[in-house]
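All of the numbers you see were taken from the coordinates with simple rules; none came from a lab. What you see is a predicted model, and the numbers here were worked out from it, not measured in a lab. Please note: Cβ atoms are built from the backbone with ideal geometry, for glycine as well, and neighbour counts cover all protein chains shown.
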Amino acid sequence: MTLVFDSGMEQEIQTRIRLYDYSTGQQSFFEWQAGMLGSVSGKRVLEIGCGDGEFWQYLLPRWQNCDITLTDVNKSMLGVAQSKIGSYVPNGNRVQFKQLDFNDLTPLIGEHYDIIIANHNLFYAENIYRLLGVIFGLLNSRGVLICSTVGADHLCELIAMLRKRNPDLPWFSEKWANRFGLENAFETLSSIFGRVDQFEYDNFLHLPGPEPVKAYLMKTMKGQLAGWIEQNWSEISSEIQQVVDEKGHFRLTPHSGFCAARKP
């Protein structure tokens, strides 16, 4: 099975990002992650699932003289990343773009990289251990995999509110975290790699009203779930607005972070 995103994938990613415009932290997640990685020079770098390329506006100014390959399964999304990064790439870095499904990295066999990045996507893997084994083989000795994910309690206040109305409502972060989340990523990576370090992002979201929540939910909860949100939105919106009126904001707690897994 090939992972295929619909034509609205770019809009969905941007909707998720806009929710984080209400962060109380001084740094966005990608800015924080880039700072944690520090300066890098003269490395071969591969990103699988680069999305819209936002991460690189923080990495490229810090890194220099690197050969960077950005891949994504979605051709239009890859085009967005290419447009965002543009023709100007600072510090002697060289960037190329390839359409590639990370569930089949066969076209990369024989290539080797010092750093492989997989942000917020390993939970989509058809077989996480097989994929990690392939990534391990693509890394040079002492190479490192950088991979971010979420925890099962990501935005827990929101799902608690929704489940007061529907106790059986599925929640995407629970599904993703069960596959590859902050609760099990360290153990999963340690079964293949040498040293694994895990870092968690400390942050809150203070939303000024219900509309950013609706936009987020309608893009992440599709099909019948989106219909359920529409049917119940008046009640949900009123509860969110009541919290805003009382406290000045509606607070959500993201639970996200990343691991650095090193090859011996």
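Remarks
- Here region 54-211 is treated with +1 on each Lys and Arg Cβ and -1 on each Asp and Glu Cβ, and its dipole about the Cα centre works out to around 260 debye.
- The Arg94 and Ile192 beta-carbon pair, evaluated with R₀ = 30 Å, returns a calculated FRET efficiency of approximately 0.55.
- For the chain, the average shadow cast by the Cα convex hull is 14.1 nm², which is a quarter of the hull's surface.
- The chain - mean residue ellipticity at 222 nm from DSSP helices (-39,500 (n - 2.57) per run, n ≥ 4, rounded to 500): -11500 deg cm²/dmol
- Under the span-like rule (Cα at least 27 Å along the axis, Kyte-Doolittle mean at least -1.0), DSSP H helices of the chain: 224-247
- Net +/- balance of residues flanking Arg130 in space, Cβ distance below 15 Å, scoring K and R +1, D and E -1: -2
- Kirkwood hydrodynamic radius of region 35-136, from inverse mean 1/r over distinct Cα pairs, in Å: 14.0 Å
- Summed side-chain charge close to Leu108 - residues other than Leu108 whose Cβ falls under 13 Å, Lys, Arg +1, Asp, Glu -1: -2
- Region 89-222: Cα Rg divided by the 2.2 N^0.38 Å rule of thumb: 1.28
- Computed over the Cα atoms of region 198-250, pair by distinct pair, the Kirkwood hydrodynamic radius stands at 12.3 angstrom.
- Counting only DSSP beta bridges with both residues in the chain, the antiparallel share comes to about 45 percent.
- Between the listed residues Gly92, Ser238, Trp176, the Cα displaced farthest toward the positive end of the dipole of the chain, a dipole computed from Cβ unit charges relative to the Cα centre, is found at Gly92.
- Rounded to the nearest 20 debye, the dipole size of the chain about its Cα centre is 620 debye, using +1 on the Cβ of Lys and Arg and -1 on the Cβ of Asp and Glu.
- Label point distance in nm, Glu157-Arg62, each placed 7 Å from Cα along Cα→Cβ: 2.8 nm
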